[in-house]
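Asker: One structure follows; several queries about it will come next.
The values are calculated or read from the model by the stated rules, or taken from the named source; none is laboratory data. Because the structure is predicted, anything quoted here is derived from the model rather than measured. Cβ placement follows ideal geometry from the backbone for every residue including glycine, while neighbour counts extend to all protein chains displayed. The accessibility values were calculated without ligands, DNA or RNA, using every heavy atom of the protein model including side chains. Shrake-Rupley method; radii C 1.70, N 1.55, O 1.52, S 1.80 Å.
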2 protein chains.
Amino acid sequence: MKAYILTIGDEILIGQVTDTNATYMAEALSVEGYEVVEHLSVADTRDGIRNGLDRALAAADIVLMTGGLGPTKDDITKKVLAEYVGTEMAFHQESWERLVKIYAGFGKEAGPHHREQCELPASATVITNKAGTAPGMWFEHKGKIIVSMPGVPYEMRYLVSKEIIPRLVAGNVDQSRQRSLTILTAGLGESTLAEAIEAVEDALPRHISLAYLPNLGTVRLRLTTRGTDETAMQAELTKYKDEIEAIVGQYVYGYGKEDLALAVQKKMQQDNLTLATAESCTGGSIARMITGHAGSSGHFRGSVVAYDNDVKSSVLGVSTELLAQHGAVSKEVVEAMAQNARQVLKSDYAVATSGIAGPGGGSDEKPVGTIWIAVAGPDGVKSKLLSSGKDRKRNITYTVHMALNLLMGQLQGK
Amino acid sequence: MKAYILTIGDEILIGQVTDTNATYMAEALSVEGYEVVEHLSVADTRDGIRNGLDRALAAADIVLMTGGLGPTKDDITKKVLAEYVGTEMAFHQESWERLVKIYAGFGKEAGPHHREQCELPASATVITNKAGTAPGMWFEHKGKIIVSMPGVPYEMRYLVSKEIIPRLVAGNVDQSRQRSLTILTAGLGESTLAEAIEAVEDALPRHISLAYLPNLGTVRLRLTTRGTDETAMQAELTKYKDEIEAIVGQYVYGYGKEDLALAVQKKMQQDNLTLATAESCTGGSIARMITGHAGSSGHFRGSVVAYDNDVKSSVLGVSTELLAQHGAVSKEVVEAMAQNARQVLKSDYAVATSGIAGPGGGSDEKPVGTIWIAVAGPDGVKSKLLSSGKDRKRNITYTVHMALNLLMGQLQGK
């Protein structure tokens, strides 16, 4: 069955916010086998929303839309929706009673703005939003389904995962599903990877596609198939995964939605090992990626973000002589940071970074993008020099990926 | 002039990647006064791309599109484009010579994949991509402009900022520009804010719009106007900004694209103050946000990410008695973390966090979402208890915002 994602908001059109809602809805629909045919973002205007609905309903059977249901005046979606499907606005008593109760819980009284929030299209099935105050609305219109949700990401996520997807799946007669298998690689560029596995790719049957998703030192390879027989689909995906891994297996660090930090977490917790980081140019980004995962406290001890050189010596115990002799961005200092972090934070392994992220701080000898990374472990220390570019954010992300990949290699004994 | 953003890629449609390219292009166009009418993401197929182009050219004068120009087999954009505008594919010698030179620089030889990358639509103006290997292409088609760029974000950013926008602006006869002024607030909810400034909003002239952009403890207020007279537009935006600030000024921390970390950076560097963080549940996210900004080394000393309680005592010197008596998630411990971080990292101010980010680790007494934050400074320590929700990512981001806002309040003497 075909699905369409329609997001509403001038803030998206002018580039003030990134449309992460579309990503979430797309993924939730795709894993259930819906074919998402397009994402469209339109203006907060009557014409914008109506044109978007026309396009969506011409292309798909189900439309998930977000935005424009909040209490403020730039939100007009529900009125346009009522007009579009040919219904009146009506006061929704149940929603009002819920709001009054919520605000009473905060010792506040629900005001006129909240009352207006309870004026809803009469033909809509109102879906209570337990993560917020503005409800979702489900319309059946000319044999198709339109679902409207608030644009606040975690409210939308609640409604999609707990309310909308279960209702869609329950009512879906189409048994065809789309299944993907994503192989995560680090350390090879997109072109090199493509040349290496060209023979596998050329021999893929027509109903299986292979996509390359490169991102700063990592490339995800996504195999996708469609069908009704779960076992056959899984067997087919596994067959081509195995063929790919027979060629580039040493660059594979994980599968699916994992990232390098989660792959490290699984490996370390399985082997009962602990980790620490000592970060200069990455400024806490490695620690953040690690601790973004639930359960990371099982292996992660902590980090010293030694942004100032003084912290490198006073907290991490890197000697001031070493710093003076080689400079902070050097093999010697980054290795000392990693080795000392193991001691200071009492971990089995430690990852360290020291580099010039930019835009300032570069010199002829050490231009912006000159970055040292190191991993210290029970068997000693290993370091690597990166030559990245001039973009600060890119340099930081690239360093995070390369440092975790260096660690992963050590853990796997490569 | 109207502009359209068209992004191509199944990875976007199935929700495997978020379309940050659309955000970047939208913002680059908007600040130059182009009205971005829609963003559309379509499939990597002939039909998908052709339908997208039809829609885009019906709605706008300029189409910026990304995706599908890489060396791998899932990339078909350029062939579909050639067919769409009615031209042949031709080998582009200049691009080939450039590729050969680039690969020679790495000691490699350009291969057949790279040769294929130089087959380009004959009627396109080829725009050299100094950030990568796949070039941009500029088409003039039936009085409209179509620009196709690679989907790798930093390559697209290079082409948009250095090549495409300058060419568009040079050729633009429409003098009308859109101008926005964004007021950044923290500490008030969207509804409360809307009620407080209702009178200002109601009195706005029709050509000025006000949008609310809430995000976990912060709300951005965006005033937008259109016109040709720069001075008049700025004066008008400033007038309404002043009216809003007269009411809710104490919640305003900055303007435009700043975030709380940059507002803190400006204030601290202006007052010659230094900062450190001691992070438990935020796991380095505050340090990362701070060090994401160029020039942060001017005030930021570093951080101790004390994820394990043992690190709280061994590195930050929080007494084990205090930890045993009150637990790590307590007013006493978070205040000690902040005060000790000032000493250990030798800073004027220190921010500390300790809480249960979830999904595990909660109890009846301290459920998931129970988070303590503290700020220590020359005048002592101030702490605050947050009751957030069950979502780990949301809890972390909310804590980062609230902790930096608590610091900002201290710096401003509120």
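Asker: Residue by residue through the stretch A:197-226, note down the ones that are hydroxyl-bearing (Ser, Thr, Tyr) and within 30 Å of A:Val400 (Cβ to Cβ).
Answerer: As a first pass, look at the stretch A:197-226 and keep what is hydroxyl-bearing (Ser, Thr, Tyr): A:209, A:212, A:218, A:224-225.
Hits for the stretch A:197-226 are A:Ser209, A:Tyr212, A:Thr218, A:Thr224.
Asker: What are the residues in the stretch B:1-25 that are among the polar types (S, T, N, Q), within 7 Å of another protein chain (Cβ to nearest Cβ) and within 14 Å of A:Thr18 (Cα to Cα), if any?
Answerer: Residues satisfying the conditions are B:Thr18, B:Thr20, B:Thr23.
Asker: Does the stretch B:314-325 contain any residue that is among the small types (Gly, Ala, Ser) and under 22 Å from A:Val305 (Cβ atoms)? Steps first, answer last, please.
Answerer: Narrowing the stretch B:314-325 to residues among the small types (Gly, Ala, Ser): B:314, B:317, B:319, B:324.
So of that shortlist, the ones also under 22 Å from A:Val305 (Cβ atoms) come out as B:314, B:317.
Yes: one or more hits.
Asker: Any residue in the stretch A:379-401 that's more than 20 Å from B:His293 (Cα to Cα) and at pLDDT 90 or above: show its pairings with residues that are among the small types (Gly, Ala, Ser) and assigned to a strand (DSSP E or B) at Cβ separation under 6 Å, as long as the two are six or more apart or on different chains.
Answerer: Correct list of pairs: A:Val381/A:Ala374; A:Ser383/A:Ala374.
Asker: Does A:Ile164 fit the bill of being outside any helix (DSSP H, G or I), more than 11 Å from chain B (Cβ to nearest Cβ), out of contact with any Ser or Thr (no Cβ under 9 Å at 6 or more places or on another chain) and buried (at least 16 other Cβ atoms within 10 Å of the Cβ)?
Answerer: Values: outside any helix (DSSP H, G or I): no; more than 11 Å from chain B (Cβ to nearest Cβ): yes; out of contact with any Ser or Thr (no Cβ under 9 Å at 6 or more places or on another chain): yes; buried (at least 16 other Cβ atoms within 10 Å of the Cβ): yes.
Spelling it out, it is not the case that A:Ile164 is outside any helix (DSSP H, G or I), more than 11 Å from chain B (Cβ to nearest Cβ), out of contact with any Ser or Thr (no Cβ under 9 Å at 6 or more places or on another chain) and buried (at least 16 other Cβ atoms within 10 Å of the Cβ).
Asker: Only one of these conditions is not met by B:Ile197: (1) β-branched (Val, Ile, Thr); (2) closer than 30 Å to B:Ser209 by Cα; (3) modelled with pLDDT under 95. Which number is it?
Answerer: In the conditions (1) β-branched (Val, Ile, Thr); (2) closer than 30 Å to B:Ser209 by Cα; (3) modelled with pLDDT under 95, B:Ile197 misses (3) alone.
Asker: Shifting gears a bit: Pull up the stretch B:1-19, narrow it to residues that are touching a residue at least 24 places away in the same chain (Cβ under 8 Å) and in a helix (DSSP H, G or I), then point me to the one that is most open to solvent (accessible area, probe 1.4 Å).
Answerer: Initial filter on the stretch B:1-19 (touching a residue at least 24 places away in the same chain (Cβ under 8 Å)): B:1-10, B:12-13.
Add one more test, that the residue is in a helix (DSSP H, G or I), and what stays is B:10, B:12-13.
Details: B:Asp10: 46, B:Ile12: 14, B:Leu13: 6 Å².
In this case the residue turns out to be B:Asp10.
Asker: Given the residues A:Asp54, A:Asp61, which is the only one that is more than 26 Å from B:Lys2 (Cβ to Cβ) and modelled with pLDDT of 95 or more? Steps first, answer last, please.
Answerer: Details: A:Asp54 fails: more than 26 Å from B:Lys2 (Cβ to Cβ).
Only one candidate qualifies: A:Asp61.
Asker: Taking the residues in the stretch A:180-202 that are within 8 Å of another protein chain (Cβ to nearest Cβ) and over 21 Å from the mean Cα position of the chain (by Cα) as candidates, determine which candidate is least open to solvent (accessible area, probe 1.4 Å).
Answerer: Going through the qualifying residues, I end up with A:Ala194.
Asker: Here's a check for you: in the stretch A:235-258, which residue that is open to solvent by 40 Å² or more (accessible area, probe 1.4 Å) and within 24 Å of the chain's Cα centre (by Cα) is farthest from the other protein chains (Cβ to nearest Cβ)?
Answerer: This residue is A:Tyr251.
Asker: Take A:Thr23 and decide whether it is touching a Gly at 6+ places or on another chain (Cβ under 6 Å), crowded, with 18+ Cβ neighbours inside 10 Å and in a helix (DSSP H, G or I). Lay out the reasoning, then the answer.
Answerer: Values: touching a Gly at 6+ places or on another chain (Cβ under 6 Å): yes; crowded, with 18+ Cβ neighbours inside 10 Å: yes; in a helix (DSSP H, G or I): yes.
The answer is yes for A:Thr23.
Asker: Please enumerate the residues belonging to the stretch B:203-223 that are buried (at least 16 other Cβ atoms within 10 Å of the Cβ) and charged (D, E, K, R).
Answerer: The answer is B:Arg220, B:Arg222.
Asker: Suppose we filter the stretch B:296-343 for residues that are among the aliphatic types (A, V, I, L, M) and touching a residue at least 60 places away in the same chain (Cβ under 8 Å); how many remain?
Answerer: First, the residues of the stretch B:296-343 that are among the aliphatic types (A, V, I, L, M): B:304-306, B:311, B:315-316, B:318, B:322-324, B:328-329, B:333-334, B:336-338, B:341.
Next, only the ones that are touching a residue at least 60 places away in the same chain (Cβ under 8 Å) stay: B:338, B:341.
Total satisfying the criteria: 2.
Asker: Also, I was wondering about something else. Report yes if some residue within the stretch A:268-275 is more than 8 Å from chain B (Cβ to nearest Cβ) and assigned to a strand (DSSP E or B); otherwise report no.
Answerer: Just the residues of the stretch A:268-275 that are more than 8 Å from chain B (Cβ to nearest Cβ), to begin with: A:268-275.
Imposing the further condition that a residue be assigned to a strand (DSSP E or B) reduces the set to A:275.
Yes, the stretch A:268-275 has at least one match.
Table: residues versus (1) open to solvent by 50 Å² or more (accessible area, probe 1.4 Å); (2) within 14 Å of another protein chain (Cβ to nearest Cβ).
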site	(1), (2)
A:Ser313	no, yes
A:Gly327	no, no
A:Ala338	no, no
A:Ser347	no, yes
A:Ile356	no, yes
A:Pro378	yes, no
A:Ser388	no, yes
A:Ile396	no, yes
A:Gly409	no, no
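Asker: For B:Ser297, indicate whether it is surrounded by fewer than 21 Cβ atoms within 10 Å (Cβ to Cβ) and modelled with pLDDT of 95 or more. Steps first, please.
Answerer: Working: surrounded by fewer than 21 Cβ atoms within 10 Å (Cβ to Cβ): yes; modelled with pLDDT of 95 or more: yes.
When the stated conditions are applied, B:Ser297 passes them.
Asker: Would you point out which residue out of B:Thr45, B:Thr66 is under 21 Å from A:Ile14 (Cβ atoms) and of a type outside the set (D, E, K, R)? Write out each step before concluding.
Answerer: Values: B:Thr45 fails: under 21 Å from A:Ile14 (Cβ atoms).
Matching residue, one of B:Thr45, B:Thr66: B:Thr66.
Asker: Continuing with the same structure: Does A:Arg226 satisfy being in contact (Cβ under 8 Å) with a residue 40 or more places away in the chain, open to solvent by 70 Å² or more (accessible area, probe 1.4 Å) and assigned to a strand (DSSP E or B)?
Answerer: yes
Asker: If the Cβ limit is 7 Å and pairs must be 6+ apart or interchain, which residue in the stretch A:206-219 that is assigned by TED's automatic domain parsing to the domain that holds A:Ile244 and of a type outside the set (Asp, Glu) pairs with which residue that is open to solvent by 50 Å² or more (accessible area, probe 1.4 Å) and in a strand (DSSP E or B)?
Answerer: If the second residue must be open to solvent by 50 Å² or more (accessible area, probe 1.4 Å) and in a strand (DSSP E or B), the pairs left are A:His207/A:Arg226; A:Leu213/A:Arg220.
Asker: Give the residue that is most open to solvent (accessible area, probe 1.4 Å), with candidates limited to residues of the stretch B:26-58 that are outside any helix (DSSP H, G or I) and more than 8 Å from every other protein chain (Cβ to nearest Cβ). Steps first, answer last, please.
Answerer: Restricting attention to the stretch B:26-58, the residues satisfying the condition of being outside any helix (DSSP H, G or I) are B:32-45.
In the following step, the residues that additionally are more than 8 Å from every other protein chain (Cβ to nearest Cβ) were identified as B:32-35, B:45.
Numbers: B:Glu32: 56, B:Gly33: 2, B:Tyr34: 3, B:Glu35: 76, B:Thr45: 61 Å².
Only one residue fits best here, namely B:Glu35.
Asker: Another question about this same structure. Which one is farthest from B:Glu83 (Cα to Cα) among residues in the stretch B:102-127 that are among the β-branched types (Val, Ile, Thr) and in contact with a strand residue (DSSP E or B) (Cβ under 8 Å, 6 or more places away or on another chain)? Spell out the reasoning first.
Answerer: Initial filter on the stretch B:102-127 (among the β-branched types (Val, Ile, Thr)): B:102, B:125-127.
Next, from what is left, pick out any that are in contact with a strand residue (DSSP E or B) (Cβ under 8 Å, 6 or more places away or on another chain): B:125-127.
Working: B:Thr125: 16, B:Val126: 17, B:Ile127: 20 Å.
Across the stretch B:102-127, the extreme among qualifying residues is B:Ile127.
Asker: State whether the residues of the stretch B:72-79 include one that is at pLDDT below 95, within 8 Å of chain A (Cβ to nearest Cβ) and open to solvent by less than 20 Å² (accessible area, probe 1.4 Å).
Answerer: Yes, the stretch B:72-79 contains a residue that is at pLDDT below 95, within 8 Å of chain A (Cβ to nearest Cβ) and open to solvent by less than 20 Å² (accessible area, probe 1.4 Å).
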